[in-house]
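To start, the structure under review is shown below, and the notes come after it.
The values are calculated or read from the model by the stated rules, or taken from the named source; none is laboratory data. Bear in mind the structure is a predicted one, so any value in this text is a computation, not a measurement. Don't worry about glycine lacking a Cβ; one is built from the backbone with ideal geometry, like all the others, and counts go over all protein chains shown.
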Amino acid sequence: MSDTPVTDAPLILSFDTSGPWLEVCLLSGQEVLSEHAVEMAKGQAEALFPALEEVLSAAGVAWAELDAIGVGTGPGNFTGIRISVSAARGLALALDIPAVGVSILEAAAFGQDGPVLATRDAPLGQVYVQGFGTRSPVAPALVTVDAIDPVLGEPGLVCVGAAAKAVAERIGAEAVAQKHPTAAAIARIAVQRLGGEIVAPAPLYLKPADAAPSREAPPVILDDA
């Protein structure tokens with residue numbers, strides 16, 4: 001039996017492994033009950049469920065008490081995103097609760113006032129960017145900093161996320177810190193989406209997988225007959 005006080009606030013378990021880290025958060029309404037965050041370049045697949053169990057146990061919450069799962073859908077590491085999204089969909093099915101997918105760019109921007117350009121580092125000197133409330137719409141994109149149009153700078157615009165400083169310098173904006181850790185922001189956004197139409201989470205890939213099949217034409221097979 002759980003020791004968690006009975007309230008009407010939804011219990012959300014959220015997690016993200018879209019980069020070299022593992023973040024987990026258990027949220028009741030707007031109160032963080034327990035969380036776990038560790039930097040790790042690999043091994044998230046093996047570490048994820050023990051971390052989820054640890055966070056639930058620390059708060060005295062049972063799996064059956066959860067109201068929803070929140071999960072980071074990327075953009076980011078191909079394998080890491082797939083691990084989290086697959087786990088979230090499996091848990092949602094097993095527990096008969098919704099799974100809510102949230103991009104980590106949206107999580108980075110969550111809680112900021114005014115226009116926001118969310119960022120994060122990407123391979124090969126590139127960055128992921130997305131605008132929220134910006135005068136000029138900025139869809140999720142994978143670009144180099146030099147390719148970002150300085151005209152995106154506007155009064156009150158702030159940049160958040162891992163690449164915020166470089167992007168802010170490029171467009172003449174201010175770089176600020178995220179308001180919430182990524183997993184906590186995912187959970188808070190998931191709360192807002194409960195009660196509406198929820199689509200099963202799907203990975204947000206803005207670059208091809210490293211192990212993608214070759215786009216070259218297959219070799220011609222000669223018939224010896």
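Computed values, structure above
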{"quantity": "Restricting the stretch 173-200 to residues that are assigned to a loop (DSSP other than H, G, I, E, B), at pLDDT 95 or above and touching a helix residue (DSSP H, G or I) at 6+ places or on another chain (Cβ under 8 Å), the residue that is surrounded by the most Cβ atoms within 10 Å (Cβ to Cβ)", "calculated": "Ala173"}
{"quantity": "Failed condition for Asp96, given (1) touching a strand residue (DSSP E or B) at 6+ places or on another chain (Cβ under 9 Å); (2) assigned by TED's automatic domain parsing to the domain that holds Ser18", "calculated": "(1)"}
{"quantity": "Selection status of Ala118, within 24 Å of Leu13 (Cβ to Cβ) and not assigned by TED's automatic domain parsing to the domain that holds Ala187", "calculated": "yes"}
{"quantity": "The stretch 139-166, residues that are assigned to a helix (DSSP H, G or I) and of a type in the set (Gly, Ala, Ser)", "calculated": "Ala147, Ala164, Ala166"}
{"quantity": "Subset of the stretch 146-166 that is of a type in the set (Val, Ile, Thr) and at pLDDT 95 or above - its residue that is surrounded by the most Cβ atoms within 10 Å (Cβ to Cβ)", "calculated": "Val160"}
{"quantity": "Close pairs from the stretch 132-148: first in contact (Cβ under 8 Å) with a residue 40 or more places away in the chain, partner in a strand (DSSP E or B), Cβ under 6 Å, at least 6 apart", "calculated": "Pro140/Gln130; Ala141/Val129; Leu142/Gln126; Leu142/Tyr128"}
{"quantity": "Pair list, Cβ under 9 Å, 6 or more apart: the stretch 37-64 residue assigned to a helix (DSSP H, G or I), other residue of a type in the set (Asp, Glu) and buried (at least 18 other Cβ atoms within 10 Å of the Cβ)", "calculated": "Ala51/Glu23; Val55/Glu35; Ala58/Glu35"}
{"quantity": "Residue check, Gly156 over 20 Å from the mean Cα position of the chain (by Cα), at positive phi, of a type in the set (Gly, Ala, Ser) and not assigned by TED's automatic domain parsing to the domain that holds Phe78", "calculated": "yes"}
{"quantity": "Which numbered condition Leu27 misses (of (1) touching a Cys at 6+ places or on another chain (Cβ under 7 Å); (2) buried (at least 24 other Cβ atoms within 10 Å of the Cβ))", "calculated": "(1)"}
